[in-house]
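No lab work stands behind these numbers, since they all come straight from the coordinates. Everything quoted here is computed from the prediction, not taken from an experiment. Note that each Cβ is placed from the backbone with ideal geometry, even for glycine, and that neighbours are counted across all protein chains shown.
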Amino acid sequence: MESTTVKESFKVLTRKGTCIEFFSAYQEHDYARMLTLFSPDADVEFGPLGEGGKGKATELGKNIWATLMDCFPDIDNTIDTFEVDDENIICKVNIFGTQAKDFAGIPSKGLRFENDHIFIFKFDNDDNITSLHIDWNHESFCKQLGVGL
């Protein structure tokens, strides 16, 4: 059987490394370290949250990640795949955890969630994250936490 070797540019490898560092910091509940990977004026968009889910990574991102880590103290993630699309790195990630405190109007029932997420990272020429778009099935997330049950 013949093997195929795919060579990736140094830029792509560096950016993938940044994505890995982001998710490693997420696993360690270190949102401050996550934020060091962004340019100072980077934008973040939590897609299912609509207009209220758009803002600066250092403000909205920090607040959402800190709250998630507080309300889901065992929150964790597993990177499933990386894709390169022009200047973007697209990561398909499984995020899971158990709710220990009320979160975003969802009362804590001690239930666990597990959802696939798509993270689309954009970078500047210095390989800092300039934009991050995150998408997930919000209806499934809410149902798993007992909303509507």
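What shape does the range 53-116 take by its C-alpha gyration tensor, where a ≥ b ≥ c are the square roots of the eigenvalues and a/c under 1.5 counts as rounded, a/b above b/c as prolate, and the rest as oblate? Provide the component values of the computation, followed by the final result.
Working: a/c = 2.96, a/b = 1.49, b/c = 1.99.
Judged from the Cα gyration tensor, the range 53-116 comes out oblate (a/c at least 1.5, b/c at or above a/b).
Name the residue from V44, Q27, T58 whose Cα lies farthest towards the positive end of the charge dipole of the range 1-86, charges +1 on Cβ of Lys and Arg and -1 on Cβ of Asp and Glu.
T58
Note down the magnitude of the dipole of the chain about its Cα centre, charges +1 on Lys and Arg C-beta and -1 on Asp and Glu C-beta and zero elsewhere, to the nearest 20 debye. Walk me through the numbers before you get to the answer.
Working: 14 positive and 26 negative charges, 80 e Å.
Roughly 380 debye for the chain.
For the charge dipole of the range 10-144, defined by +1 on Lys and Arg C-beta atoms and -1 on Asp and Glu C-beta atoms about the Cα centroid, which residue among I79, T18, I90 has the Cα displaced farthest towards the positive pole?
Farthest towards the positive pole: I79.
Which value, in debye to the nearest 20, describes the size of the charge dipole of the range 1-80 about its Cα centre when Lys and Arg Cβ atoms bear +1, Asp and Glu Cβ atoms bear -1, and nothing else is charged?
340 debye
Based on the alpha-carbon gyration tensor of the chain and its eigenvalue square roots a ≥ b ≥ c, which shape applies: rounded if a/c is under 1.5, prolate if not and a/b is larger than b/c, or oblate?
Taking the square roots of the gyration eigenvalues as a ≥ b ≥ c, the chain is prolate.
When the Cα centres of the range 117-148 and the range 36-67 are compared, how far apart do they sit, in Å?
First find each Cα centre; the distance between them is then 10 Å.
Peptides 118-125, 52-59: what's the order by average Cβ count within 10 Å, highest mean first?
Highest-to-lowest ranking by the protection proxy: 118-125, 52-59.
Whole-Hz Karplus ³J(HN,Hα) for the range 96-102, in order, using 6.51 cos²θ - 1.76 cosθ + 1.60 and θ = phi - 60°, x for Gly and Pro?
Result, rounded to whole Hz: 8, x, 10, 6, 10, 9, 4.
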